[in-house]
Amino acid sequence: MATSTTAEPVALQYRFFAAQVVAVRTVGTSLVRVTLGGPDLAHFAGGGRDQSVSVFLPHPGQGEPVLPDEAEEDWFTAYRTMDPDVRAVMRSYTIREQRPGASEVDIDFVRHGGTGPATRWAGRTRPGDRVVLLGPAVHDNRSVCFRPPDDTDHVLLVADETALPAVGGILAWLPAGIRVRAFVEVPDPGDIQDLPTDAHAEVRWIVRGGTPAGSSLLADAVRAARLPAGTPYAWIAGESAMVRAVRRHLVTDRGLDRRRVTFSGYWRRGLSEEDVRSEALASAAA
Ligand SMILES: Cc1cc2nc3c(=O)[nH]c(=O)nc-3n(C[C@H](O)[C@H](O)[C@H](O)COP(=O)(O)OP(=O)(O)OC[C@H]3O[C@@H](n4cnc5c(N)ncnc54)[C@H](O)[C@@H]3O)c2cc1C
């Protein structure tokens, strides 16, 4: 499992890509797969695994996402000063699959009700709709977080449905022979899907039904599991409270080396991504 070093300076790792919706199809009760294409994506240097991007979406009634001039040195500051009702909606998503030959990428959007602009967009989008991605200009970029150390002999994946696309990308990337235990929580039995892999993978699906997202279901399942002995690498992503609980269990109760645990809060109950970003910026400023 060769991992990489992200040697390129951060500013050079990313660029904007204009893209159009090519196809939309459901891939489960809660997920809709949006295929994006266009000539710009010929240069999209996805690193596979849990490669994430920022997706910029238009508001209803806009023909395309409204963004600051690309040439603007500090585009993010310029973006933040724009009217939130006009500037594009900015959200984080995972590249479920890239097909470089066709200049296409797939993104799986969770339909989590009418609460967020991205989920609403995914519910109404049609082929021809225009979006912009802030994505990788180099394969070795910091938005690939799944980086097992070379001596890893088994992998633990813990994810809710927002991180199911990343689990799919990770399993597709892992080599033959490596042992994987994956715990994936989904809202509905209709969200269970095939996850092709060469790895020796055992996927445990946890259907939460009426239990609210971000509960202790995943942490309880991991706590109750017999994990293989050896040299593990763990990757956890999904609702932030769940991620914290699972990480704490692995590091505190099971004694996993914290450097061998990658974790990422993909969303927080009760807060939009915009709220989470503002909170992070405020605490960085303080
Ligand atoms: C690196 C990374 C990769 C990600 N990859 C994916 C991906 O491939 N697919 C995917 O669907 N999501 C993914 N996410 C999560 C996604 O960015 C968030 O769910 C985002 O909040 C959705 O935006 P929104 O506009 O729909 O809702 P927001 O406007 O951000 O939030 C509105 C309300 O909805 C709630 N909410 C947000 N997401 C959910 C949810 N899934 N279930 C229930 N309530 C929710 C919020 O708590 C808030 O109360 C990823 C996040 C990160 C950081």
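The values are calculated or read from the model by the stated rules, or taken from the named source; none is laboratory data. Please read all numbers here as calculations on a predicted model, not as lab measurements. Note: ideal-geometry Cβ built from the backbone for every residue, glycine included; neighbour counts use all protein chains shown. The accessibility values were calculated without ligands, DNA or RNA, using every heavy atom of the protein model including side chains. Shrake-Rupley method; radii C 1.70, N 1.55, O 1.52, S 1.80 Å.
Determine, yes or no, whether Arg204 is among the charged types (D, E, K, R), out of contact with any helix residue (DSSP H, G or I) (no Cβ under 9 Å at 6 or more places or on another chain) and surrounded by fewer than 16 Cβ atoms within 10 Å (Cβ to Cβ). Step through it out loud before you land on a result.
Values: among the charged types (D, E, K, R): yes; out of contact with any helix residue (DSSP H, G or I) (no Cβ under 9 Å at 6 or more places or on another chain): no; surrounded by fewer than 16 Cβ atoms within 10 Å (Cβ to Cβ): yes.
Taking the combined requirement at face value, the residue does not satisfy it.
Quick one: Leu157 ticks every box in (1) open to solvent by 10 Å² or more (accessible area, probe 1.4 Å); (2) in contact with a strand residue (DSSP E or B) (Cβ under 7 Å, 6 or more places away or on another chain) except a single one, so which number is it?
(1)
Would you confirm whether or not the stretch 217-233 contains a residue that is in the same structural domain as Arg179 (by TED's automatic domain parsing), more than 15 Å from Thr152 (Cβ to Cβ), free of Cβ contacts under 8 Å to residues at least 12 places away in the same chain and crowded, with 16+ Cβ neighbours inside 10 Å?
no
Please determine, by comparing only the residues of the stretch 71-113 that are of a type in the set (A, V, I, L, M) and open to solvent by 40 Å² or more (accessible area, probe 1.4 Å), which one is farthest from the ligand (Cβ to nearest atom). Steps first, please.
Kept after step one, since they are of a type in the set (A, V, I, L, M), are these residues of the stretch 71-113: 71, 78, 82, 86, 88-90, 95, 102, 105, 107, 110.
Filter once more, so that each one left must be open to solvent by 40 Å² or more (accessible area, probe 1.4 Å): 71, 82, 86, 102.
Values: Ala71: 27, Met82: 17, Val86: 16, Ala102: 20 Å.
Filtering first and then ranking leaves Ala71.
Look at Gly214 and say whether it is modelled with pLDDT under 95 and within 21 Å of Tyr93 (Cβ to Cβ).
yes
Can you name the residue in the stretch 114-128 that is open to solvent by 50 Å² or more (accessible area, probe 1.4 Å) and at pLDDT 95 or above and is also nearest to the ligand (Cβ to nearest atom) among such residues?
Arg120
I'd like to know if the stretch 259-271 contains one or more residues that are in a helix (DSSP H, G or I), more than 16 Å from the ligand (Cβ to nearest atom) and surrounded by 12 or more Cβ atoms within 10 Å (Cβ to Cβ).
yes
Among the residues of the stretch 204-228, which ones are away from the ligand (no atom under 16 Å from the Cβ) and in contact with a Phe, Trp or Tyr (Cβ under 8 Å, 6 or more places away or on another chain)?
Arg204, Ala221, Val222, Ala225
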